[in-house]
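These notes are about the structure you will find just below.
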Amino acid sequence: MTRGYVPLMLLIALIWGASYLFIKVAVEEMSPAVMVLLRLVLASAVLVGYLGTREGYAQTGRALRATWRDGLMLGTINAAIPFTLIAWGEQHVDSGVAAIANATVPLFTVLLAIRFLPSERATGWRLAGIALGLVGVGVLAGLNPRGGWWAVAGTLAVVVASISYAGGGLFVQRRLDWVSTPILATASMLGASVILLPLALASLPSHVPSWKALGSVAALGIAGTGFAQVVYYRLVRNYGSSRSSLVTYLLPPTALIYGVLLLGEPLTLPELAGLGLILAGVAFGSGLLGRTPPA
C-alpha cells in the first residue's frame, strides 16, 4: 500500500501546483468569473463521467438530486467564492505568491474550529503555529510588495479564499459526513456553476480568447480540478485523510518552480520568508509538529 503513496502525492502536487500557472495565463484574457465557470463545467463533466462509469448514470443522477441543496451551499463556499477570489488575486500577484497565500487554509480551519467545533482548542504549539502563519501572511503581503497596494489586495483576496475553503471543510465535517466524497465534490462543482453563471454572462469577453488561454482553462478544469479530484479520492481511500493532507506542503514550492521556470516570475526574499513562516505555522497549527496530543 505504501509503495504508491509517494507517486500519488507527487502527481497531485504537480497537477495542483500547475493550477496557479494556468489561472495566471487564463485571466490575462478573460474575467475571473468566466474562467472559473468554464473550469467548473469541465470539472463537472469529468466527475459525472467518472461516477457514471463507476456507479451507473441512473444511480449517479439519484444521488446528485438527493444532495443538490448541500451541493449548492458547498459549491458556493468551497468553489465559487474561493476560485473567483484566487483568479482575481492572480490578476495582481504572481502565481507563486497566490500559492503561498493559499497554503494558509489549515490555519484558518483551526481558527474557525474554535468557534464552530467547541471540542477543538488551539493552545500551546497550535496557537503559536497560527500566529506564526499569520505573520507569514503579513511578510508575504506587506514587505515592499511589487505592484503596490493592488498586490496587497490580490494577496489578501487569496487569503480570504483560504478562509472560505476552511469554512467549506468544516461545513462538510459538521453537516455532510454522511455523503460520499465523489458525490459531494460533483454536486458542489455543479452547484458552483449555477451560482457563477449570471456573473459570467455579465462579464463575457468582447473577443474570443486565444488558444493559449482556452488551453489553460481546459487543463485547469479537466486535469487540475476534475482528474485531480479523482486521484485525490484514491489517495484518501488508500492512505487516509491525514497522510493525504500533507500534499498541502508540496503545492507552494511546486507552484513557485512553475512560475519561475515557465512564466519568468522572480523569486524574492519576502516570498521565501513568507513561505517558510506559513508552512512552519501550518505544521505547528495542524498538530503535525509540537507536543499537542491529537484529540
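Put simply, of G96, G136, G89 the only residue that is within 25 Å of I23 (Cα to Cα), modelled with pLDDT under 85 and crowded, with 19+ Cβ neighbours inside 10 Å is G136.
In the set (1) part of a helix (DSSP H, G or I); (2) under 16 Å from A200 (Cα atoms), E29 fails one condition alone, (1).
When you go through A26, A103 one by one, which is the residue that is more than 18 Å from A192 (Cα to Cα), among the small types (G, A, S) and touching a Pro at 6+ places or on another chain (Cβ under 7 Å)? Outline the logic, then answer.
Details: A26 fails: touching a Pro at 6+ places or on another chain (Cβ under 7 Å).
When all the criteria are applied, what remains is A103.
Take S44 and decide whether it is among the small types (G, A, S), within 21 Å of V152 (Cβ to Cβ), surrounded by 21 or more Cβ atoms within 10 Å (Cβ to Cβ) and touching a residue at least 24 places away in the same chain (Cβ under 8 Å). Answer is no for this residue. Starting from residues that are closer than 20 Å to V137 by Cβ and among the β-branched types (V, I, T), keep the ones in region 253-287 and report whichever is modelled with the lowest pLDDT. Looking at the filtered set, the residue picked out is V282.
Can you list the helices (runs of 4 or more DSSP H) lying wholly within region 148-261 that have 2 or more residues being within 20 Å of the chain's Cα centre (by Cα) and not small (G, A, S)?
Working: elements: 148-175, 181-202, 211-218, 228-239, 241-244.
The qualifying helices (runs of 4 or more DSSP H) are 148-175, 181-202, 228-239.
Using the structure shown, decide if T60 is modelled with pLDDT of 95 or more and part of a helix (DSSP H, G or I).
Judged against the criteria, T60 is not a match.
The values are calculated or read from the model by the stated rules, or taken from the named source; none is laboratory data. None of these values were measured; they are calculated from a predicted model. Cβ: placed from backbone, ideal geometry, glycine included. Neighbour counts: every protein chain shown.
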